[in-house]
Each structure stands twice: as structure tokens, then as C-alpha cells.
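Derivation of every value follows stated rules applied to the coordinates shown; laboratory data play no part. Predicted, not measured: the structure shown is a model, and the values here were computed from it. Cβ sites come from the backbone with ideal geometry, for glycine too, and all protein chains shown count toward neighbours.
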Amino acid sequence: MRSTSERYEAPRENVTYRDFVAPRSKKRTMRKLPMTAAGHAALEDELKQRIRVERPRLVQRIQEAIADDSNLAENSEYQAAKTEQEINEARIAELEDKLTRAEVIDVSKLSGDTIKFGATVTLIEEDTGEKKVWQIVGEPEADVKNGKISVTSPVARALIGKIKGATVEVEAPGGGKAYKVCRVQWAEDSLRNREKS
């Protein structure tokens with residue numbers, strides 16, 4: 001037995017500052033998702049559809065599959081319905097997350113010559129002369145086939161802050177392209193143009 005005057009010393013094997021600091025939380029900070037009011041409404045509509053229509057339909061399908069064959073391991077209808085239910089529940093969780101983090105931007109109040117979120121931009125590709133019209137929207141509502149590109153896309157990032165007449169170089173996965181900005185339009189401008197027609 002040691003006397004009280006003796007001091008115990010722990011072995012000093014690779015002891016660092018980190019050994020005495022509480023670990024940092026691995027929880028991510030919630031990143032806001034900018035989106036238009038129309039994009040927000042579309043996500044809400046999809047969420048309501050999945051909760052009110054798809055969820056009960058899938059529960060009914062699962063119950064019917066169990067009634068037809070109680071051997072669940074070999075019941076292919078049950079397995080298919082459960083898989084579809086898992087996909088639906090994952091999409092519900094994803095939609096709820098996006099709506100929680102949504103930052104709705106009223107594009108009807110935006111204007112000016114500088115390209116920013118919500119702008120509809122008309123571009124001419126310098127190599128081919130091809131005309132492209134894109135609206136810069138939030139990630140959840142991006143749909144290239146309908147002329148809506150995500151604010152985080154390479155094209156949108158290159159356009160942000162530019163004005164009519166500027167030439168923009170874009171490094172995209174398909175290779176570099178140059179565009180000339182021909183027009184910057186806002187929701188209010190679009191409404192006025194439709195009213196004139």
C-alpha cells in the first residue's frame with residue numbers, strides 16, 4: 001500500500017489536448033432552403049397527397065396482402081407493398097425536412113437589372129446561338145425541362161450578380177460553355193407582358 005505522501009502518475013502515452021476536451025456535436029446546423037412561394041406550395045401539396053392518400057392506400061394494400069397469405073416471408077405482394085410504403089415514408093420525411101428549412105422568397109417583390117434568385121434569364125449560347133430561358137429557383141423546385149434551374153447549379157451560380165449584356169462562362173459537368181445574357185425578367189414583368197398580350 002502506498003503512503004499518502006506518494007503521488008500517483010499515470011503513464012504519458014500520447015496524451016493530447018483532445019483527451020481533455022468534450023467532443024464537438026456532430027449535429028449539422030440547419031441550412032435554409034430558399035424557394036419561391038409556388039415551389040413551397042407544390043411541396044406542401046405533395047406532402048398532403050402522400051399523407052392523406054398514399055399512406056392509407058399502402059396500409060390497406062399491406063392488410064389485404066396479409067389477409068391473402070399470412071406467410072409474410074414468401075408473400076410477394078406484402079413485400080412489394082412494404083417496400084413502396086418505406087419509399088413513401090422516406091419521401092414524407094424528406095418533404096417535411098425541406099418544408100421545415102424552407103425560406104420562402106416573394107419573387108413578385110424583386111426587380112432590377114442584376115440577376116438573383118427568382119429572376120427569369122434569357123441567354124444565348126455563344127457557340128451555337130441557341131436561346132435558353134431559365135428561372136433561378138430553389139433546389140427542391142428545380143426542373144430543367146420546365147426552364148427552372150437550382151440556385152446551386154453551375155449555371156445559376158455563374159449568373160448570380162451579372163447584368164443584361166454580360167457574357168458568362170459556365171463550367172458544367174458537360175464541359176465549359178459561354179452565354180450572353182440577353183434579358184433579365186421578374187415575376188412582375190412577366191405578368192405585365194401577359195396582360196399586354
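General observations
- Given Lys32/Lys132; Lys98/Lys164; Lys109/Lys132; Lys98/Lys132; Lys48/Lys116; Lys32/Lys162, the pairs whose alpha carbons are separated by over 26 Å: Lys32/Lys132; Lys98/Lys164; Lys98/Lys132; Lys48/Lys116
- When Leu33, Leu47 are arranged by Cβ crowding within 10 Å, least crowded first, meaning fewest neighbours, the order is Leu47, Leu33.
- Compactness of segment 33-105, expressed as Rg and Dmax over alpha-carbon positions, Å: 15.9, 52
- Relative exposure of Ile160, Ile136, judged by other C-beta atoms within 10 Å (fewest first): Ile160, Ile136
- Where both bridge residues fall in segment 108-196, DSSP classifies roughly 85% of the beta bridges as antiparallel.
- Tyr78, Tyr179 arranged by Cβ crowding within 10 Å, fewest neighbours leading: Tyr78, Tyr179
- For segment 54-92 versus segment 96-111, the gap between their alpha-carbon centres in whole angstrom: 35
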